[in-house]
1. What are the residues in segment B:294-327 that are facing another protein chain (nearest Cβ under 7 Å) and aromatic (Phe, Trp, Tyr), if any?
2. Condition test on residue B:201, is it without any contact (Cβ under 8 Å) to a residue 12 or more places away in the chain, buried (at least 23 other Cβ atoms within 10 Å of the Cβ) and either part of a loop (DSSP other than H, G, I, E, B) or over 12 Å from the mean Cα position of the chain (by Cα) (or both)?
3. For segment C:236-291, enumerate the residues that are assigned to a strand (DSSP E or B) and over 35 Å from the mean Cα position of the chain (by Cα).
4. In segment C:100-118, which residue that is without any contact (Cβ under 8 Å) to a residue 60 or more places away in the chain and assigned to a loop (DSSP other than H, G, I, E, B) is nearest to the other protein chains (Cβ to nearest Cβ)?
5. For segment B:166-197, give me each residue that is hydroxyl-bearing (Ser, Thr, Tyr), within 16 Å of residue B:226 (Cβ to Cβ) and in contact with a helix residue (DSSP H, G or I) (Cβ under 6 Å, 6 or more places away or on another chain).
6. Quick one: would you say residue C:70 is within 11 Å of chain A (Cβ to nearest Cβ), surrounded by fewer than 23 Cβ atoms within 10 Å (Cβ to Cβ), part of a loop (DSSP other than H, G, I, E, B) and at positive phi?
7. I need the full set of residues from segment C:203-222 which are under 25 Å from residue C:163 (Cβ atoms) and surrounded by fewer than 20 Cβ atoms within 10 Å (Cβ to Cβ), in order please.
8. Only one residue in C:43, C:14 is out of contact with any helix residue (DSSP H, G or I) (no Cβ under 6 Å at 6 or more places or on another chain), assigned by TED's automatic domain parsing to the domain that holds residue C:208, part of a strand (DSSP E or B) and surrounded by 22 or more Cβ atoms within 10 Å (Cβ to Cβ), so which one is that?
Amino acid sequence: MAAAPESDLDIRYVADLARITLTDEEADTLGGQLEKIISYVKQLEALDVSGIEPTAHATPLFDIVREDTVKPSIGVDATLANAPQKTTDQFLVTKVVE
Amino acid sequence: MSSLTLADAQEQLRSGSLTPRALTESIIAAIEAGDGKIRGYNSFDAEAALAAADTADVSLPLGGLPIAIKDIINVKGEALTCSSKILEGTFTSPYDATVIAKLRAAGAIPLGRTNMDEFAMGSSTENSALGTTKNPWDTSRIPGGSSGGSAAVVSADLALAALGTDTGGSIRQPAALCGCVGLKPTYGRVSRYGAVAFASSLDQIGPMTKTVRDSAMLLNAISGHDAMDSTSLDEAVPDFTAALGKEIKGMKIGLPKEYFIDGIDPEVRAATEAAVKQLESLGAEPVEISLPHTEYATATYYVIATAEASSNLARFEGVRYGHRADAPKDLSDHYMRTRAEGFGAEVKRRILLGTYVLSSGYYDAYYIRAQKVRTLIRQDFSEAFQKVDAILSPTSPVPAFGIGERCDDPLQMYLADIFTIATNLAGICGISVPCGFTKEPKLPIGLQILAPSMQEERLISIADAYEQSTPWHKERPC
Amino acid sequence: MPASDYIVTIGLEVHAQLTTQSKMYCGCKVGYGAPPNSQTCPVCLGMPGAMPTLNEAAIEKTVLTGLMLGCENPEISKWDRKNYFYPDMPKNYQLTQFDLPLCEHGSVPLYDHCYPKDVQKDIPRPGYAVKLTRIHLEEDVGKSTHHEKNTTIDFNRAGTPLMEIVSDPDIRTGEEAFAYLNSLRQILIAGGVSDADMEKGQMRCDVNISLRKTEEEPLGAKIELKNLNSPAAVRRAIHYEIDRQSTELDAGTPQVQCTRRWDDDLGESTVMRSKEDAHDYRYFPEPDLLPIRTAPIVEAMKKLVPELPHEKSQRFVTDFGVTEYDASVLSSDKHLATYFEQAATGAKNTKLVANWVLNDLLSALKESFTEIQDSTQVPAENLRALVDLIESGKISGKQAKNDVFPAMLETGKTAGDIVKEKGLEQVSDTGALEAFCDQVIQENEAIAADVRSGNEKAANALVGRVMKLSKGQANPKVVIGILLEKLK
């Protein structure tokens, strides 16, 4: 398995993916803190994990499915109740340019 | 009356010496009088609680008993904040979490939303955007976290009992630091449906109470399979109160050598060693064991938990609910500013870390590797449980620290969870019970007991035997 | 260099909505026409704390599709989160399948009759089956409507089960892409897994297309085409794209990977986004959903694999003696095939039944804008009875077309009843007919003589007169027999 490359956190790129604006100051502070945490996390590289199955779920279950039956919806009013902006029956956001 | 245990309050309700309304009123009065000092609650709906009290059926398992709810669990018609600006004042739950539905079915009354670290990210409740909860034993100190509000209100007698959530110790650590009992059930024992997800493969809801008996009572009500949560286990729920008052003679108690390391506060160490002696006097047999991958648990946890969190928290962007930035110039600006304004520093830190470890080129090196180490950590526990019935350690390496003391170093803060984190990675159950106090100042110390998956009864038997043979749970902050 | 000198490589990504009752990850109803935001719940709205559950029927229908298309199934299949922000995507991650889809490989056979009519005579790779990469199961997004100043969103569609069928880059022309979509649609409908109507958005298609000069070169820059709303639009867009790219390549302009939006009205595509905007989706396994073991589902679905259109077509040729072309058209639509089979079974002349279904019935339905499964006026057994009446000589084909069938359409009555009501039954009683014939021969000596001298064709003129005398009820076949006998 590839070792994680050294200190290569592009804080602006990551913040953009996460859709969080950072001020320059935040980028500095958070970037520095994250570098420190990442270098701590890199201790995992010391372990030989070859042949080990990853654990994605804490429960060793399979085939948990639901029958295809319709359940009542919550209704338009409840759906829109928390909307920051809405029309009578739709959510409203700033114009999306495709 | 808010100082009653659940069990005592139930007895009084059933004998008729106390009415659900009087009980609820007295708790509301206690909150109004005492929460100014503690700031354990984000909100409470007195009217709804009193209305529920008036129709309460005390013959039900938790009939007429008010329970405080961590402000991360949906209660229909009530505000939900997750102690975050992104939801504060802008979100009312349209549905009941499964645990709330179960509590209602058992006759309990949800009363009050307790403070927490924002989105359950933290170990001190200082990361709440709504205010810091104070430790009732010393209000200059933190109550632990992330379920710090729940622990503080139970400990300060502003609630009979509470629900918390535990992703890496968030029930057990604040319970330890506030001197109450906190039980993290096996992953899948309690439905997560309706608890706002921090790290979906680690989160679990559990009781925070004054006694082990109360935890057993509450666990009875909230456990069980839920078709709405695919990870919930379809296993019969025993009567956990039947595990109370059991002999623990002959039980093997594992002491992981990796947990008794330098860096543990000497008084915490002494209290834990005394607890081992106490259990030995009750017939348990201490055995030294090894959990060899312990040192990797924190790193593993912070990769997995933050990766899941970065995705779980993507839904908070002000389109369907929650805070929305003013007059965005375009969609990107809408997202970027809404989330920058809505999330606090720790939440941003974790979202960014999680985004980074999942991003192109790093996924295998961090995320997949962490999942593999998680497998090793699970194996450590299953091997240990071949030799012992339960594992014992301090819950937290240190007692409650001062507010603001550790804020500047997130990594140091993360290391406060070293004894509790591995439990969630392994998916097993654990409990923290009071096991003494530091001298000056007098601060509670917690003892952590861990048991294999679905062995909550064993936890309860050991914790109850210990509690009933020691005076700690009777002490209250003044 | 003309366009024909480039090797064109095309791959299709098709999204097909599954015909389930409820959504993929929650119990909300799937369907159209409901008031906006009325078919929603905490799960499909991405409310805090809500969790998904897997719709069993959607999994089964996807596995069934895989069986119909000859796919293999990984032993374990699981769901993953694809992380990206978009307002119509409530959780801001799509629950999809990344590395362990339900189905892999397999192929879509390109049926001849699925090609555009104008190229059916000249199919470059007849009988070719386009190889598939995978089929996975995911969720649809909500519906955005863009206004001048803002965008509104309806989440009714969010969470609708979508099957994504990804082909290998194994298609060479717009016509093959056209045939691929039509063939696939027929198969999906045959299996009852999707209604697969592109114009209704039940089936959507993205095209990846690249050009290169020789087989030895690596594939050229991949251009993705979006907003394609019919197989015909896909065909047009591919033609346009081949022309555009080859012209640019000829002019020395290299192609750069990008996504282009097709405008079918203008007949041109424009750049939507460049590769630089490519997403970093941060896929990871969905912790809230558990993996699926495919073997038991595959076993159960094997019993439900229907007769596929090409198998049915072959059977129609064998069992009913219809032409290969007629058979392929009759089997191209599940309901049409069922109708034909009911009408043809036990019929005296099955080929004639095929003609009646393909010509008279279909054009009548077309005129009344009715789908065959919704039409009740002429049940299959009534059409069979009509054709039997013609075949047995009780009525003429002309009568059937002009008088009986229109009345059947109008009234819903049987052919027999209409024939009786209208008194259309042909007279085959030779006694009566001989009298008519004698009369006509007498009155038309010249023609009769012509016939006698060996011009049998001239007898047709006499038949017409006999028909007139009989008020059209004489059976012309019988009449001509009598006339020729008499004029030997």
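The values are calculated or read from the model by the stated rules, or taken from the named source; none is laboratory data. The structure presented is a predicted model; accordingly, all values stated were derived computationally and were not measured. Every residue, glycine as well, gets a Cβ built from its backbone with ideal geometry; the counts of neighbours run over all protein chains shown.
1. B:296, B:302, B:321
2. no
3. Within segment C:236-291, C:284, C:285 meet the criteria.
4. It comes out as C:101.
5. B:191, B:193 - these are the residues of segment B:166-197 that are hydroxyl-bearing (Ser, Thr, Tyr), within 16 Å of residue B:226 (Cβ to Cβ) and in contact with a helix residue (DSSP H, G or I) (Cβ under 6 Å, 6 or more places away or on another chain).
6. No.
7. C:204, C:206, C:222
8. C:14
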